[in-house]
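Here is the structure we will look at, set down as structure tokens.
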Amino acid sequence: MKMIRAIVRPEAADAVTEGLEEAGFFSLTKINVFGRGKQKGITVGATHYDELSKIMIMIVVEDPSVDQVIKLIKYKAYTGNYGDGKIFITNVEKAITVRTGEKGL
Amino acid sequence: MKEIIAIIRPKKIEHTKDALDELGFPSVTAIPVLGRGNQRGIAGELGIDIRPDAVAQGRSAGMKDMKYIPKRLLSLIVCDEDVDEIVEAIIKVNQTDQIGDGKIFICPVDDAIRVRTDEQGDSAIK
């Protein structure tokens, strides 16, 4: 099992979640975050914005689905400009459903 | 070292913290999050009553269930041997037998550092 954390533009978040839903990945968690990337924020006129508002989408999937989810997020969150975001993949050893105590997704 | 990520009902946060306190694991990080599970968001989850005719009206207008449901994400970093005990405690407190009790994920963590003292590894989280 892998946890995919995608940091995307707030305006792209709904497109990503709808895309995931169409592909059958309904369960996800959405967190409002602030951050900056390699470009150190942006400067608009005289104002410098160090941290920009982003949305982190957290989704845990079985190993074989990882590539499909990444491809989908990449496709839906893409604008071609700086600030499209990053996707991180980490290992998850166990998942438990609280209601039933069952292991697995 | 493991990270326990539990996504639970916001209402249950106090009980969960109390239970963890009793076990001797008071340190947690809690984040308000939005999310949905296998059921794709169910309006009844919030604990407030939504008029059934309003729900039916929305459905007939092509609107689905709620897009996201507010939840609380708890993150704890603990030693390997404590994982089962904590998971059991979280499950016990949060079980309501209704859809939306949440999920728990267990992920490996390589290292932890206490900023104040520079301690590393298990002693940093104890």
Residue in region B:23-38 that is nearest to A:Met56 (Cα to Cα), counting only those that are more than 8 Å from every other protein chain (Cβ to nearest Cβ) and in contact (Cβ under 8 Å) with a residue 60 or more places away in the chain: B:Ser27
Yes/no for B:Ile86 being touching a Leu at 6+ places or on another chain (Cβ under 9 Å), assigned to a helix (DSSP H, G or I) and within 14 Å of chain A (Cβ to nearest Cβ): yes
State whether the residues of region A:87-95 include one that is away from chain B (no Cβ under 14 Å) and either over 12 Å from A:Ile4 (Cα atoms) or among the aliphatic types (A, V, I, L, M) (or both). yes
Does B:Asp80 satisfy being closer than 19 Å to B:Leu23 by Cβ, exposed (fewer than 14 other Cβ atoms within 10 Å of the Cβ) and either at pLDDT below 95 or more than 7 Å from every other protein chain (Cβ to nearest Cβ) (or both)? yes
Against the condition more than 10 Å from chain B (Cβ to nearest Cβ) and acidic (Asp, Glu), how does A:Glu51 come out, does it pass? yes
Filter result (more than 17 Å from B:Lys67 (Cβ to Cβ) and part of a strand (DSSP E or B)) within region A:11-38: A:Val33, A:Phe34, A:Gly35
Check off (1) surrounded by fewer than 18 Cβ atoms within 10 Å (Cβ to Cβ); (2) within 9 Å of the chain's Cα centre (by Cα) for A:Val8 and give me the number that stays unchecked. (1)
Any chance B:Val33 is of a type in the set (Val, Ile, Thr) and modelled with pLDDT under 90: no
Filter region A:64-85 for residues that are surrounded by fewer than 14 Cβ atoms within 10 Å (Cβ to Cβ) and in contact with a Gly (Cβ under 9 Å, 6 or more places away or on another chain); which is farthest from the other protein chains (Cβ to nearest Cβ)? A:Tyr82
Selection from region A:27-41 of residues touching a residue at least 40 places away in the same chain (Cβ under 8 Å) and under 14 Å from the mean Cα position of the chain (by Cα) yields A:Ser27
Out of region B:2-23, which residues are of a type in the set (D, E, K, R) and part of a helix (DSSP H, G or I)? B:Lys11, B:Lys12, B:Glu14, B:Lys17, B:Asp18, B:Asp21, B:Glu22
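The values are calculated or read from the model by the stated rules, or taken from the named source; none is laboratory data. Because the structure is a prediction, the values reported are computed rather than measured. Virtual Cβ from ideal backbone geometry, glycine too; neighbours counted across all protein chains shown.
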